[in-house]
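Taking it in order: structure first as structure tokens, then the write-up.
The values are calculated or read from the model by the stated rules, or taken from the named source; none is laboratory data. Please read all numbers here as calculations on a predicted model, not as lab measurements. No Cβ is skipped: glycine too gets one built from the backbone with ideal geometry, and neighbour counts run over all protein chains shown. To get the accessible areas, we keep the full protein, side chains included, count just its heavy atoms, and leave off ligands, DNA and RNA. Shrake-Rupley method; radii C 1.70, N 1.55, O 1.52, S 1.80 Å.
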Amino acid sequence: MGIQQTFYEAMREHGITRRSFLKFCSLTAAGLGLGPEFAGKIAYALETKPRTPVIWLHGLECTCCSESFIRSGHPLAADVILSMISLDYDDTLMAAAGYQAEEILEQTIAKYDGNFILACEGNPPLNEDGMYCIQGGKPYVEKLRRMASHCKAIIAWGSCASWGCVQAAKPNPTRATPIHKVITDKPVIKVPGCPPIAEVMTGVITYMLTFDRFPELDRQGRPKMFYSQRNHDKCYRRANFDAGQFVERFDDEGARKGYCLYKMGCKGPTTHNACSTVEWNGGLSWPVKSGHGCLGCSEDNFWDRGSFYSAVTDLNVVGQVESRADKIGAVLAGAAVVGVAAHAAASVISHTKDNNKGGDSHD
Amino acid sequence: MTETVTANGFKLDTGGQRVVVDPICRIEGHLRIEVNLDDENVIRNAVSTGTMWRGLEVILKGRDPRDAWAFTERICGVCTGVHALASVRAVEDALGIQIPENANHIRNLMMLAQYTQDHLVHFYHLHALDWVDVVSALKADPKATSALQQSISKWPKSSPGYFRGTQARLKRFVESGQLGPFSNAYWGSPAYKLPPEANLMAVTHYLEALDFQREIVKIHTIFGGRNPHPNWVVGGMPCSFSLNETGAINMEWLNLVSSIIDRSIDFVDQVYIPDLKAIASFYTEWTNYGGGLSGKNLMSYGDFPRVANDWSQDNMYLPGGAIINGDLSKVHEVDVRDPEQIQEFVAHSWYKYPDESKGLHPWDGITEPDFELGPNSKGTKTDIKEIDEDAKYSFVKAPRWRGNAMEVGPLARYVVAYARGDKEIKEQVDGLLHDLGLPLTALFSTLGRTAARGLECSWSAHKMREVFDNMLANLKAGDTATSNMDLWEPNTWPADAKGVGHVEAPRGSLGHWVHIKDTKIESYQAVVPTTWNASPRDPAGNIGAYEAALLGTPMANAQQPLEILRTVHSFDPCLACATH
Amino acid sequence: MNSNVASGPHDPANQKAVYVFEAPVRLWHWLHTFSFLTLAVTGYLIADPLPSPIGIPSDHFLMGNIRLIHFIAAYVFAIGFAVRIYWALVGNRFSREIFYLPFWRADWWKDLFYELGFYLFLIRKQHKTLGHNPLAQTAMFFLNTLMTFFMIGTGFALYGQGLGEGSWADQGFGWIIPLLGGEQATRNWHDMGMWIMLVFVIIHIYMAVRADIIGRESSVSTMIGGWRLFKDDQP
Ligand code: HEM
Ligand code: HEM
Ligand code: NFV
Ligand code: SF4
Ligand code: SF4
Ligand code: F3S
Ligand SMILES: [Mg+2]
């Protein structure tokens, strides 16, 4: 085996001075919300460790998580791939194909048993014996299970791997199933979003490499550093929300003034993601900033909540028929009023009759 | 005995050695290719199998048509946005919604940015390694690489030191013993023809392009909030202009768009195109292979309306039409509404129709999965060794135009526009052929397909400038509207409406057909570029574009599928798109 | 008719009073009523906000105030309910009635069907009940007691998301969110809860007023003064 190159060595090779390397470390520390005392730790980790093998599998998905990943500006995706990790398998980017590609999987198990990260984009379908996603002639779920049983931990990229996403929307014809429901004996770090933000993806990976531990996860298995607040909590239009100033129609007066998109169905109030803080494509913008409400794309089952353009969404109680609380509620309340009125009328009639019979009303 | 001739005139021989390549990597989605080789290792039969299905058309039933763009956008994150655009166009068509001029300009700009980024990433990150030997780059002399670079382009990043840096980085990388995505590949194969200097130049630009593509997509971020998967809206665009307010798109963002356009033009013209020409000059024999359907049947719907809401071909920046039997003197009009023209067949696809001898126009389309292996397949249901192409064998349907299998994509668009006499495109094509000393027929090949994509990337980068300037002129004239909300509320819609939206996506002709009933989606069908190109056989026996293109190609080594990868990659396959 | 009033069942001489609702129960009832109505109005406006006020956002706090009122009422609603639960433990036997259904008692079922028959006009003679009749008790148990738990649970779970990861409300109630399928789903169920309670309230107020007018026993005044007045002395 050749000499293993550490991240620091790789950076030096890249023409980066020790000084700017250390600066990178302190920026990383600050970017992760850590104190300056962590910069030294990061530097130490990056100077001494060989690159961690990553096996990146694709199930049912649209590859936009990969596309998002390569948009990462800090660190650059190229630096992650060439210097920080060893991306030994990724069907979207790897040079080999066919059996030469699949061989790498067994080689990885032999060489790095229990020591590689399994990055999953997309999810396995379980209907038709798993044959809605065939790889190498076999169901994808087999490959997933085999690699999962030898990996150290799993990163579930995107809403597909984390929750099921679009192919799992009703009626989920292929029974597309999120990773944590198929693999139950390995830690699964969910990085939801459709897709997740590039720098969130590389942030999660670099955290694991530099601190040699998993990021702290919230109740639903998402790294707290990116998912513990809702877009709404840090939205720059929050002042308009609190003031009650809303866009009522696309391109109306309010839209041009950048009012809050709540009435246009913005799901920022219920969506845990880093869009309003990290923002997209190098911190340039995010859905709300462009004038469209948040779809809630990092939340479980955001596809089946009914229209993206209303604040009150579906309860999902009666299949695909619209079942919004306010609509059902108004019908129920209306029925109650009508029922009460009818009952009152009937009572009056019945009471008068009783009284007419001789007042023996309660006999 | 084993020899047959297909309805579209290709000779197949199912004898000889069967070679299976699964997975095909460096594509989007999951594709399997099987070929039969004769004694000389020449491909005599080819089978293209799409091996994934998600059921988007089934999932869309019963939903609000205004939400459909978001669902269909998730058909693909590589050609992100194209399905969203097809979807909003289909719904607007059904409901009779006219979009404002600015929305048309913005949509054009976003699609052109998509072309530029998608083509660039395809060339460097999905296709280049078929032609470029990464390991050979270690042997290059950085000085000679620098000289080569300076002789073909004025791109400023060309010093010997710059190339030495990349080489050193590559060296450490290779020596680390952790080859990452370059593991187990075909380095050193005699099929690689580039000298080490050209390899080093290309590898360097692999990294540069990976960095630069992030910039191009910022056009999506500005108008749609993010990339991948920007936002769209039925009736226009969700973004607004506020030129005298604070809150929406202002001069600063417009300037950023303008700057991205300038930088894109520079990158494509000074890096991509020179690299393409340099690499092509070492592989001219690849103008003899991989032609397939391209010399016969090509199709484009035409796209990029200059003026909003006018779908006539003379209003298109990129005019469409169909070429049949290689007759460039006649461009046929394509009518996406005509039930006789576009039809999908499933006789060899893993779906069910009541009568599979017939095709269905997408407005009558059915998507009902039916996974079943043919009697002559080898292996078991969950461990397929060999596909039986006489039975159902792919999750890709077989779309046909007037019964013909068609090739779609940049090459098809370029040939159609060339045949229509489009000045800009004729100039580009003739220029390239002249520089490489090749005849027009050289276009009908693997290399021609790859070259057309490069030319189109340059075309789209330049076209962004024109569209952007038109948009500014419109803003200057006082029109700042970006969406038309007159028919936003479902209670303004007819009880029953059908619509079609078409887009020339990076990989070819894309159409979405929607039927809206009582304000909900009654049926939704997408016929996608890769559905055309990767299509399996139809009941008449016509083979699809991938299958046709692979025929007749000699392989240097049957165990190393480089040649298969080259031709299949020249189409830029997207299987998530194809099957959806 | 007049003679009937003088000597019949409506004769005040025949009326008897029983102390049913102790002061804390009555106080809670009206606090509960008032906070619920406030929550319902503000909640509705959160789900479907008012038209936008004009001007710079810092001049207004319309949505903010609506939410603030919602949260203040929510605390009153929740603390009131907590005290009410305490009172169920220490108060008289009527104070426990809304917290359980004595489904194991045959006569309770018999009474339940009796009341059902009465309200469907199948039975003429109304039962006398000291506390809540079984039908009212069932409705109160499901549509008020359980729903109050539900609204407090989902409400504070949502509130905890605003207070932040790890806040007391998140730790105490946050687990409800994944159970209901996410935060948006939780919000929608919280909204649905309002409508369900509203249906109860409509029927409940009608029943209360109706009982006062044509029933055999006092009702609204009982909830004010605590004493149940029977208007006749028949069984
Ligand atoms: C019967 C009692 C209650 C009723 C009728 C009620 C009603 C509502 C309604 C209709 C909404 C709007 C939901 C939507 O937008 O879909 C709402 C939101 C909310 N409610 Fe309640 N609620 C009640 C109790 C509570 C309690 C006890 C709390 C605890 C703090 C609470 C906290 C919230 C919160 C945090 C929101 C979201 C507001 C926002 O983030 O803007 N609610 N409520
Ligand atoms: C003006 C409106 C209201 C009136 C006139 C009213 C009247 C009454 C009366 C007369 C009773 C006693 C019933 C009996 O004798 O069996 C009662 C009990 C009750 N009411 Fe109301 N009510 C009103 C509003 C509400 C509201 C809005 C709620 C719930 C949100 C509510 C919940 C209850 C409950 C839970 C009890 C049982 C009390 C206990 O046993 O602790 N009421 N109400
Ligand atoms: N085929 C295809 Fe697409 C494209 N270009 C879709 O319309 O890639 Ni995913
Ligand atoms: S999570 Fe969304 S964006 Fe990512 S692969 Fe799935 S569908 Fe595509
Ligand atoms: S735009 Fe969306 S995220 Fe921002 S304040 Fe309004 S509702 Fe919240
Ligand atoms: S739609 Fe997704 S990208 Fe962010 S703003 Fe909403 S979570
Ligand atoms: Mg289709």
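Some observations on this one:
- Scanning segment B:43-59 turns up one or more residues that are open to solvent by less than 10 Å² (accessible area, probe 1.4 Å), over 24 Å from the mean Cα position of the chain (by Cα) and hydrophobic (A, V, I, L, M, F, W, C).
- For segment A:267-283, the criterion of being more than 13 Å from chain B (Cβ to nearest Cβ) and open to solvent by 20 Å² or more (accessible area, probe 1.4 Å) is satisfied by at least one residue.
- Of all residues making up segment B:235-281, the number that are within 30 Å of B:Lys193 (Cα to Cα), small (Gly, Ala, Ser) and either open to solvent by less than 40 Å² (accessible area, probe 1.4 Å) or within 14 Å of another protein chain (Cβ to nearest Cβ) (or both): 3
- Single match in A:Gly329, A:Gly334 (criterion: more than 7 Å from chain C (Cβ to nearest Cβ) and in a helix (DSSP H, G or I)): A:Gly334
- Output for segment A:140-184, where each listed residue is touching a Cys at 6+ places or on another chain (Cβ under 7 Å) and open to solvent by 20 Å² or more (accessible area, probe 1.4 Å): none
- Filter result for C:Leu135 (among the aliphatic types (A, V, I, L, M), in contact (Cβ under 8 Å) with a residue 60 or more places away in the chain, open to solvent by 10 Å² or more (accessible area, probe 1.4 Å) and more than 11 Å from chain A (Cβ to nearest Cβ)): no
- Any hit, segment A:222-230, residues being away from ligand 7 (no atom under 16 Å from the Cβ), within 14 Å of chain B (Cβ to nearest Cβ) and open to solvent by less than 10 Å² (accessible area, probe 1.4 Å): no
- Hits in segment B:99-140 - residues which are among the acidic types (Asp, Glu) and in a helix (DSSP H, G or I): B:Glu101, B:Asp118, B:Asp130
- Taken residue by residue, segment B:383-392 has no member that is small (Gly, Ala, Ser), in contact with a Pro (Cβ under 9 Å, 6 or more places away or on another chain), open to solvent by 10 Å² or more (accessible area, probe 1.4 Å) and within 16 Å of ligand 7 (Cβ to nearest atom).
- Applying the set (1) within 23 Å of A:Trp303 (Cβ to Cβ); (2) of a type in the set (A, V, I, L, M); (3) crowded, with 22+ Cβ neighbours inside 10 Å to A:Ile134 leaves exactly one unmet item: (1).
- Of the residues C:Phe156, C:Phe149, the single one that is more than 16 Å from ligand 2 (Cβ to nearest atom) and either in contact (Cβ under 8 Å) with a residue 40 or more places away in the chain or away from chain A (no Cβ under 14 Å) (or both) is C:Phe156.
- Segment A:76-90, residues that are in a strand (DSSP E or B) and at the interface with chain B (Cβ under 7 Å from one of its Cβ atoms): A:Leu76, A:Ser86, A:Leu87, A:Asp88, A:Asp90
- In segment A:198-248, the residue that is farthest from A:Leu295 (Cα to Cα) out of those that are touching a residue at least 12 places away in the same chain (Cβ under 8 Å) and of a type in the set (Lys, Arg) is A:Arg222.
- Tabulated pairs, segment B:518-540, first β-branched (Val, Ile, Thr), second in a strand (DSSP E or B) and more than 16 Å from ligand 5 (Cβ to nearest atom), C-beta under 7 angstrom, 6+ apart or interchain: B:Ile521/B:Val514; B:Val527/B:Ile342; B:Val527/B:Glu344; B:Val527/B:Pro399; B:Val527/B:Gly511; B:Val528/B:Leu510; B:Thr530/B:Cys574; B:Thr531/B:Pro399
- Of all the listed residues (C:Met194, C:Met140), the sole one being more than 12 Å from ligand 1 (Cβ to nearest atom), open to solvent by less than 30 Å² (accessible area, probe 1.4 Å) and assigned to a helix (DSSP H, G or I) is C:Met140.
- Taking the criterion of being among the hydrophobic types (A, V, I, L, M, F, W, C) and near ligand 5 (Cβ under 10 Å from one of its atoms), the residues of segment A:285-305 that qualify are A:Trp286, A:Val288, A:Cys294.
- Of all residues in segment B:467-474, none satisfies being part of a strand (DSSP E or B) and at negative phi.
- Per the conditions (1) away from chain A (no Cβ under 12 Å); (2) over 30 Å from B:Cys239 (Cβ atoms), the sole criterion not satisfied by B:Gln167 is (1).
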